[in-house]
Amino acid sequence: MKKNLLTICILFIGVYLLSGCSEYLELKPDAKMAIPKTVQDCELLLNDYGTFNNVYPYVGEIASDNYFMNSSDWEVINEIDDKNAYIWLDIPAVLSKQWQMPYKVVFSANLIMEVLDKINTPSQEDWGVCYGTALFFRAFAFHQLLDVFTEVYQPNNAASTLGIPLRLSSNMEQSLPRASLEKSYDQTISDYKKAITLLPTIVQSKGLPAKASAYAGLARLLLSMQNYEEAYKYADSALTLNAQLLDYEQMNADLENPFVPFNNEVLFQASSTYTSVLSEGYAKIEMELYDAYEDGDLRKKLFFRENGSDKVFRGSYNGNPVGIFVGLTTAEMFLVKAECAVRLENFDSAKAALNQLLKKRWRSTSFQEVSENDATKLLEIVLWERRKELLFRGQRWPDLKRLNLDAQFSKTLTRTVKNSVYELFPNDKKYAIMLPLAAVREGQLVQNSRN
């Protein structure tokens, strides 16, 4: 009970710190009393799933092209920020939760690392695991913010492009400007790499990261940077430790939710906060995308269900509609490895990785291995499979950002609401979603440019 109370106190204080409330000054004495003092206290905090695992942004998914809404459904959405994001309006969010909640993860991770630094027993195994876990959570939170609130990474201008505030201590009174995109990515890479050296190979809960989780997070990040050689290496490292795949032929498509959380493919379980926009009641699948799943492709039945005359997504690895799954899986790593291998002209490796995944996605009597040897066509196949596999995983928005840099794969997005047509053009500044009003005002942060 004492430890549970400790958790509640710290997390309560964290919310106040991150909200920028002046009332925090009155909470300082209580905050000092609530700070953890032992490795065991730190372990307890890191096991708080509600703080570290289901608090990530969904706004990029709202703005992406995995679905559409009817005008009548759009009109009844009660959260104005979500309605605006759907049609890419240049209006900063009124609510700050999608910015604030990842920074709550950062605050909690920093607090834990500071406690561990004071204990300073790096030879103690549980000390190292705690430190590596905190580093991973900070990296993952930074990573989610970068995917949504910054422009696409380009080496030639990353040093002069705005990134995110890099909070590396629990001192929330310190006013930090936005670091450059280059420094933001460098810090996230550094955190992931340090975490790799400290995390165990096996963990009891997939709500906590293992070594393969950090390899996978780094592979995902490096792919978004178009660093294909390094992304390939880290995806391969993750798969060397864990290459388990669900056999979709053994799944029961008659169940309400065919997938369960923490399944064998999951390297790290995480989800966004909830929005009704992405629920089955509102988000409808474009028939062009649905028809891309051939009849022998088992994802067609497992991922979708009929809702009246529409198709809706039901294939979340959360096992419920609380929020979209944004965690890391072995399936994603096979796709990262395949894409990077094609771009590095290692076609045999690309096909081997892709076929290993697809063999578990198709009915065995229908499956035919991909044998394409043309580089352009093979890359198209891999990217289509990535699109089909990673629906509602938070990856379409960063994928659109990076693929728009290549004229072959760039795409103009279109929405129609109440007879008005809205368009989002490739490489538009809107791909860096505007920071919430409170973050700009209270943090004195530079807003994302629209010029």
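The values are calculated or read from the model by the stated rules, or taken from the named source; none is laboratory data. Note that this is a predicted model, so its numbers are computed, not measured. Cβ: placed from backbone, ideal geometry, glycine included. Neighbour counts: every protein chain shown. Surface accessibility is based on the protein's heavy atoms, side chains included, excluding ligands, DNA and RNA. Shrake-Rupley method; radii C 1.70, N 1.55, O 1.52, S 1.80 Å.
Could you list, ordered by first residue, the pairs with Cβ atoms under 9 Å in which the first is in segment 359-382 and within 22 Å of LEU298 (Cβ to Cβ) and among the hydroxyl-bearing types (Ser, Thr, Tyr) and the second is exposed (fewer than 11 other Cβ atoms within 10 Å of the Cβ) and modelled with pLDDT under 95, at least 6 apart or interchain?
Cβ pairs passing all conditions: SER366/ASP295.
If I ask for residues that are of a type in the set (Val, Ile, Thr) and surrounded by fewer than 22 Cβ atoms within 10 Å (Cβ to Cβ), which ones from segment 375-398 would you list?
Step one: of segment 375-398, the residues of a type in the set (Val, Ile, Thr) are 376, 381-382.
Of everything in segment 375-398, those that are of a type in the set (Val, Ile, Thr) and surrounded by fewer than 22 Cβ atoms within 10 Å (Cβ to Cβ) turn out to be THR376, ILE381.
How many residues are without any contact (Cβ under 8 Å) to a residue 40 or more places away in the chain and touching a helix residue (DSSP H, G or I) at 6+ places or on another chain (Cβ under 7 Å) if we restrict to segment 197-214?
The number of residues fulfilling the criteria is 1.
Have a look at LYS429, LYS401 and point out the one that is open to solvent by 50 Å² or more (accessible area, probe 1.4 Å), under 19 Å from VAL148 (Cα atoms) and charged (D, E, K, R).
Checking each option against the conditions leaves just LYS429.
Read through the list (1) open to solvent by 50 Å² or more (accessible area, probe 1.4 Å); (2) part of a loop (DSSP other than H, G, I, E, B); (3) farther than 30 Å from PRO436 by Cβ, then give the number of the only condition that VAL203 fails.
Against the list (1) open to solvent by 50 Å² or more (accessible area, probe 1.4 Å); (2) part of a loop (DSSP other than H, G, I, E, B); (3) farther than 30 Å from PRO436 by Cβ, VAL203 comes up short only on (1).
Just to be sure, is LEU168 more than 30 Å from ASP406 (Cα to Cα) and among the hydrophobic types (A, V, I, L, M, F, W, C)?
yes
Restricting segment 46-76 to residues that are of a type in the set (A, V, I, L, M, F, W, C) and open to solvent by less than 10 Å² (accessible area, probe 1.4 Å), which is farthest from the chain's Cα centre (by Cα)?
So the first thing to find is which residues in segment 46-76 are of a type in the set (A, V, I, L, M, F, W, C), and the list is 46, 52, 55, 59, 62-63, 68-69, 74, 76.
Keeping just the survivors that are open to solvent by less than 10 Å² (accessible area, probe 1.4 Å) gives 46, 52, 55, 62-63, 69.
Working: LEU46: 19, PHE52: 13, VAL55: 10, ILE62: 13, ALA63: 14, MET69: 23 Å.
The extreme case among them is MET69.
Which residues, counting only those in segment 416-425, are over 24 Å from the mean Cα position of the chain (by Cα) and not small (Gly, Ala, Ser)?
THR416, VAL417, LYS418, ASN419, VAL421, TYR422, GLU423
Is it the case that ASP73 is within 16 Å of VAL277 (Cβ to Cβ), touching a residue at least 12 places away in the same chain (Cβ under 8 Å) and among the acidic types (Asp, Glu)?
Spelling it out, ASP73 is indeed within 16 Å of VAL277 (Cβ to Cβ), touching a residue at least 12 places away in the same chain (Cβ under 8 Å) and among the acidic types (Asp, Glu).
Please report, ordered by residue number, the helices (runs of 4 or more DSSP H) entirely within segment 65-137 with at least 1 residues that are modelled with pLDDT under 95. Explain how you work it out, then say what you get.
Numbers: elements: 71-76, 80-86, 97-119.
Those helices (runs of 4 or more DSSP H) span 97-119.
List the pairs whose first member sits in segment 393-420 and is under 23 Å from ASN157 (Cβ atoms) and part of a loop (DSSP other than H, G, I, E, B), whose second member is among the polar types (S, T, N, Q) and open to solvent by less than 20 Å² (accessible area, probe 1.4 Å), and whose Cβ atoms are under 8 Å apart, counting only residues at least 6 apart or on separate chains?
Once the first residue is under 23 Å from ASN157 (Cβ atoms) and part of a loop (DSSP other than H, G, I, E, B) and sits in segment 393-420, its partners that are among the polar types (S, T, N, Q) and open to solvent by less than 20 Å² (accessible area, probe 1.4 Å) give SER410/ASN404; LYS411/ASN404.
Could you list, in sequence order, the residues of segment 321-333 that are within 15 Å of ALA219 (Cα to Cα) and open to solvent by 10 Å² or more (accessible area, probe 1.4 Å)? Spell out how you get there, then give the answer.
Kept after step one, since they are within 15 Å of ALA219 (Cα to Cα), are these residues of segment 321-333: 326-333.
None - no residue of segment 321-333 is within 15 Å of ALA219 (Cα to Cα) and open to solvent by 10 Å² or more (accessible area, probe 1.4 Å), so the list stays empty.
Rundown of residues vs (1) among the charged types (D, E, K, R); (2) closer than 30 Å to LEU437 by Cβ; (3) touching an Asp or Glu at 6+ places or on another chain (Cβ under 9 Å), yes/no style:
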position	(1), (2), (3)
ASN70	no, yes, yes
ALA93	no, yes, yes
GLN100	no, yes, no
PHE107	no, yes, no
MET113	no, no, no
ASN120	no, no, no
GLN124	no, no, no
LEU146	no, yes, no
THR150	no, yes, no
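Filter segment 206-218 down to residues that are touching a strand residue (DSSP E or B) at 6+ places or on another chain (Cβ under 6 Å) and part of a loop (DSSP other than H, G, I, E, B) and give me whichever is surrounded by the fewest Cβ atoms within 10 Å (Cβ to Cβ).
LYS206
Go through (1) under 28 Å from ALA139 (Cα atoms); (2) at pLDDT below 90 for PRO29 and report which single condition fails.
(1)
Among the residues of segment 84-124, which ones are open to solvent by less than 30 Å² (accessible area, probe 1.4 Å) and farther than 27 Å from THR188 by Cβ?
The answer is ASN84, TYR86, ILE87.
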